[in-house]
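J.: First the structure, which I've put down as structure tokens, then a few questions once you've had a look.
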Amino acid sequence: MKIKRILCCAAFALCAALVQAQTQPGAAPPDPRSLTEAQIKEVQVPAVLYKLAAAYKQAGDLDRLAWALTRLTELLPNTGELKLALASVYAEQADTAKTYEVLLRLHQQGFGYDLAENPAFEKVKGTRVWDYIVGNLKANMKPFGKGEVAYTLPKGDYLFESLAFDPKRKQFLAGSVREGKIYLVGKDGKLHDFIAPSAENGLWGVYAMAADPAADVLYVASTSSVYFKGFKQEDFGKAGVFKFRLSTGKLLDKYVLEPDKQPRTLSSIAAGKNGQVFAADGLRNIIYRLDGKQLKVMVENPKLTSVRGLAVSGDGKRLYFADYALGIFGVDLAAGKGFDLEYSPDTLVLGGIDGLYWYDGALVAIENGMSPRRVMRLRLDDSGHKIMKVMPLDAANPAFDLPTYGTIEGDKLYFIANSQKNDYDAYGVVKDESRLEGTRVFRSDLRFAWDESVGRRILTIGSGTPNAPAANDSSGPFGNVQSGAQSTAASDG
């Protein structure tokens, strides 16, 4: 008991310093144990709230734990686990009405959970409403869609994180983070050597690829990280875009970012019309644009949490990007202005997205941070700023261990369904090689139920809908993102 009190005091002391830094710099640090609901609501940084929530949970302060979790759900509205945690706190307080309200909202947003035997909700069970909620949340976990595993890549220490497609030769390519190699993939999933790291090309681990078939070019986002088997200490923190001939694998050019005070990483890439190339640093949350011989900073915003997939509209006028916690945002490239994608958050969750792709006026998102994991098609209006129709293509498929990134071939999306990245530790070492599986490549039909939609309110969104800012409204989270000629900073790489 004495040890627990000491731990609680230490946790609260740390939280006090963090809250002070967030609310009243220079003033005496407030005691987190006496913070009011209004004071907790003023905290802007999720990391501070997470620490407060952990301290309140350890101390058994359910009221303040609920306030901290409520604020977190406001800042991170796409994270279902936070809302589920908030519901469990209300249940512990025997507040049936608030528990049901949160769980019903989760169901309405499409989340799926099995709560029938969850002990956290013992105090609110035994009603018809509870049975209704449990049944509907479980129903959201049922497999949906007609997709299937197209082929399986060989088992081994490869860490495949990227795919590309060459339509002229009707050939898939797979990139290995561990080997830094790019393979040609046979219809049976067998690998054939294509591009390998060499003194000439200087390639490191392959994290992402984007093909420009019209120009016969393959762009590769590569990073010198500890996951790369050929890692050299002198290259630590370097990353770059490597340009190869798509048909032959010949190196054409490379654009390297040198480390500054922090290591560089390039984890996603997209190619658009007329040689447009964009690459993202998912750790530093910077999006670069290839401009001549340089990678120049195009998007940089302190509110971003973890930039993942990139997609360029078919006409080359807009870049879309996914933030893992916050959803999808866009940049009007000619105007150099960012915008918040307009949709109804009451019925659609856009968090937990890794892969993002453009297809025939729609965005296609791979959501592995959603429960259940799923692939969503988001049809946009003519402006490209508003979601008009929503359709899950595949959801809760048993093959979806950790779906991440892929590529489009015709009317099909091929993507990695069981990324092995969680089988490696922070030093790039395989935790247990016997647990590595063959990498399953899943195929979803992009035209599935093309004229249909789910979520009636998503179809009738207007510019005045609450929580759906107009396309050019700078009041949204990223309305102040700059791009193009108005870059927020110049590249120092």
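J.: Under a 5 Å amide H to amide H cut-off, with H placed in plane at 1.01 Å, what residues pair with L252 once short-range neighbours are removed?
T.: Distant-sequence amide H within range of L252: K243, F244, R245.
J.: Now a separate question. Per residue of the range 306-323, in order, report the coupling 6.51 cos²θ - 1.76 cosθ + 1.60 (Karplus, θ = phi - 60°) as ³J(HN,Hα) in whole Hz, putting x for Gly and Pro.
T.: 6, 6, 10, x, 10, 8, 9, 4, x, 8, x, 8, 9, 10, 10, 9, 9, 9
J.: Now, a different point. Taking just the alpha carbons, could you work out the radius of gyration and Dmax for the range 39-198, both in angstroms?
T.: Cα only, the range 39-198: 23.2, 66 Å (Rg, Dmax).
J.: Neighbouring Cβ atoms within 10 Å as the yardstick, rank S222, S162 fewest first.
T.: So the ranking, lowest neighbour count to highest, is S162, S222.
J.: List the aspartates and glutamates whose Cα sits under 16 Å from the Cα of K229, skipping any in the same chain fewer than 8 residues away.
T.: Output for K229: D157, E161, E179, D423, D425, E433.
J.: Moving on to the next point. From the Cα gyration tensor of the range 243-296, with a ≥ b ≥ c the square roots of its eigenvalues, which class applies: rounded if a/c is under 1.5, or else prolate if a/b is larger than b/c, or else oblate?
T.: The shape class here is prolate.
J.: Could you pull out the pairs from K41/K296; K261/K293; K83/K412 whose alpha carbons sit more than 25 Å apart here?
T.: From the list (K41/K296; K261/K293; K83/K412), the Cα-Cα distance tops 25 Å for K41/K296; K83/K412.
J.: Here is a further query. So I have [x] 38, 27, 24; [y] 55, 26, 20; [z] 36, 35, 20, and one of them is semi-axes √(5λ) of the Cα gyration tensor in Å calculated from this model. Which one is it?
T.: Label of the calculated value: [x].
J.: Sort R105, R443 by Cβ crowding within 10 Å, fewest neighbours at the top.
T.: The fewest-first ordering by Cβ neighbours comes to R105, R443.
J.: Right, next: Per DSSP H run of n ≥ 4, the term is -39500 (n - 2.57); total these for the chain, divide by its residue number, and report the mean residue ellipticity at 222 nm rounded to 500 deg cm²/dmol.
T.: Per the formula, -6000 deg cm²/dmol.
J.: Sticking with this structure for a sec: Between the range 28-61 and the range 423-437, how many Å separate their Cα centres?
T.: 36
J.: List the residues, sorted by chain then number, that are 5 or more residues from I286 or on another chain and whose placed amide H is less than 5 Å from its amide H.
T.: Distant-sequence amide H within range of I286: D281.
J.: Take L69, L76 and order them by how many other Cβ atoms sit within 10 Å, fewest up front.
T.: L76, L69
J.: Roughly how far apart, in whole Å, are the Cα centres of the range 273-301 and the range 128-199?
T.: 25
J.: Quick check: net charge around D253, other residues with Cβ under 15 Å of its Cβ, Lys/Arg +1 and Asp/Glu -1?
T.: Once all neighbours under 15 Å are counted, the net charge is +1.
J.: Additional query: Using Cα positions and a limit of under 21 Å, work out the lysines in reach of K386, with same-chain residues fewer than 8 apart set aside.
T.: Qualifying lysines at Cα under 21 Å: K317, K337.
J.: Return the sequence-ordered ³J(HN,Hα) values of the range 372-384 in whole Hz as given by the Karplus equation 6.51 cos²θ - 1.76 cosθ + 1.60 applied to θ = phi - 60°, using x for Gly and Pro.
T.: x, 5, 7, 10, 10, 9, 10, 6, 9, 7, 5, 6, x
J.: OK, next. Setting aside same-chain residues fewer than 8 positions from K57, which aspartates and glutamates have a Cα under 15 Å from its Cα?
T.: Correct list for K57: E92.
J.: On to the next question. Around R440, with a cut-off of 12 angstrom between Cβ atoms, what is the net charge of the other residues, counting Lys and Arg +1 and Asp and Glu -1?
T.: Neighbourhood net charge equals -1.
Where a number appears in this text, it was derived from the coordinates with a stated rule and is not lab data. Since the model is a prediction, treat every value here as computed from it, not as a measurement. Quick reminder, even Gly has a Cβ in these numbers, built from the backbone with ideal geometry, and neighbours come from all protein chains shown.
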